[in-house]
Amino acid sequence: MSDQAFYSSLQQKLATLKDEGLFKPERVLASRQGAEVVAQDGRALINMCANNYLGLSGDVETQKAAAAALEKYGYGLSSVRFICGTQTVHKELEQALSKFLGTEDTILYAAAFDANGGVFEPLFDENDAIISDALNHASIIDGVRLCKAARYRYANNDMADLEKQLIAARDAGKRHKIIVTDGVFSMDGTIAQLDKIVELAEKYGALTMIDESHASGFMGATGRGTHEHCGVIGKIDIITGTLGKALGGAMGGFTSGKKEVIETLRQKSRPYLFSNTLAPMIAGASLAVLERISRSTELRDRLHENTAYFRKEIERIGFTIKPGTHPVVPVMLFEAPVAQKFAARMFELGVLLSGFFYPVVPMGQARVRVQISSAHTREQLDTVLKAFEQAGKELGIIKN
């Protein structure tokens, strides 16, 4: 430890984050994930900040499926897929995801971050163009950075600007062009206009890619995702997503598309080639989740009922939210310190929430992001709404 100045600089940067109200504390849980959790201090909290959209993370059926896969396939593979790390459960899950999404083939990753990080470099080079939404997830941004293709960025969900960037890429003589967007933007709950994106892609001869991390399992009539919601199943070239949100909540990601795309990724995608195989119990549990949500829309229906109720009531109380229908409900507080104080007060009132602020969201757009689950009861939602009203009045956010 010869460079003490290095450690001093880190200490100073951390102190600055705290002084500016930008430091992100971690809330430690002493229970499984669910609509209600237990904090480290033993208090019960209503959980409003998990990506547990279908309530399956702590679900007993999910747990039993994981346990069955653990018993049959063991704890892990200690290897990568192409050496000795592929089991029948991995192939079964890839086939099930392909059927669910309406694609030809699927490849599994240890995380969705890896799926996005490993998709561009094997498929595109300096002769090509990637046209990316300005608010795409950090994993997409990092994946694009690893690729030598020309980068074009269009304003969030702005179809006029997207067309402008497509024209620029065409005029630059780029060989292949791919439009990349989140299916649902996780900070705003905004749904991408995939029908219009597909029209523009067809007009300019471009490919399309969506990240479905906040959509797979519950968006669309049967939960297939944003492409079902927008009526473009079969028209999206590449779909990435996660097993760590609605589809069980552990970890793991995937990329799905045409066979030649997936086979190329199996041969050249670095996060796939150089990362341990997804744990078999996660694969087994995810397979059971897909089977379950394919049999019934009960969980999805309850989720959307809860979402509509909460969105209506939070506005009635007097809070400003981002409009929409998605179970991500951004309650706008605008300033980072206010968001931090509000989240802390809600924690005291028995509600688990997180504040989001720059650089996660634009400066001056701080918020608490409420995430609704099908596991939330109406009583729990009413308790949360009362806590919102109390904290909002105490902090002068809403009028008495």
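Some values worked out for this structure:
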item	result
Computed E for residue 72/residue 26 - FRET, C-beta separation, R0 30 angstrom, nearest 0.05	0.30
Where 230, 147 fall by accessible area, highest first, once all protein chains stay in place (1.4 Å)	230, 147
Loop-resident sites, the stretch 8-101, for chymotrypsin sites (Phe, Trp or Tyr not before Pro), counting at most 14 other Cβ within 10 Å (DSSP)	23, 75
Ranked by how many other beta carbons lie within 10 Å on average, peptides 366-373, 259-266 from highest	366-373, 259-266
Exposure rank, largest accessible area first [142, 161; 1.4 Å]	142, 161
Ordering of 332-342, 9-19, 317-327 by burial proxy (mean other Cβ atoms within 10 Å per residue, highest first)	332-342, 317-327, 9-19
Evaluated over the chain, the Cα radius of gyration and Dmax, each in Å	21.7, 65
Ranking by accessible area, most exposed first, for 329, 38 with a 1.4 Å probe	38, 329
Exposure of residue 233 as accessible area (Å², to 10), given a probe of 1.4 Å and all protein chains	80
Within the stretch 162-228, GluC sites (Glu not before Pro) in DSSP loop having at most 12 other beta-carbon neighbours inside 10 Å	none
For the chain, share of DSSP beta bridges that run antiparallel, in % to the nearest 5	55
Accessible surface of the stretch 60-295, 1.4 Å probe, proportion on carbon and sulfur as whole %	51
Whole-number accessible area per residue in Å² for the stretch 60-295, which is evaluated in the context of all protein chains at 1.4 Å	41
Residue list for the stretch 112-156, given a label point 7 angstrom along the Cα-to-Cβ vector of residue 358 and an amide N cut-off under 16 Å	none
Added length on full extension, which subtracts the Cα-Cα distance from 0.36 nm per residue, residue 305 to residue 321	4.0 nm
Antiparallel %, DSSP beta bridges [both residues in the stretch 60-295], to 5	40
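The values are calculated or read from the model by the stated rules, or taken from the named source; none is laboratory data. All figures in this text were calculated on a predicted structure; none of them were measured in a lab. Methodologically, a virtual Cβ is constructed for each residue, glycine included, from the backbone with ideal geometry; neighbour enumeration extends over all protein chains shown. Protein only, heavy atoms only, side chains kept; ligands, DNA and RNA dropped before computing areas. Shrake-Rupley method; radii C 1.70, N 1.55, O 1.52, S 1.80 Å.
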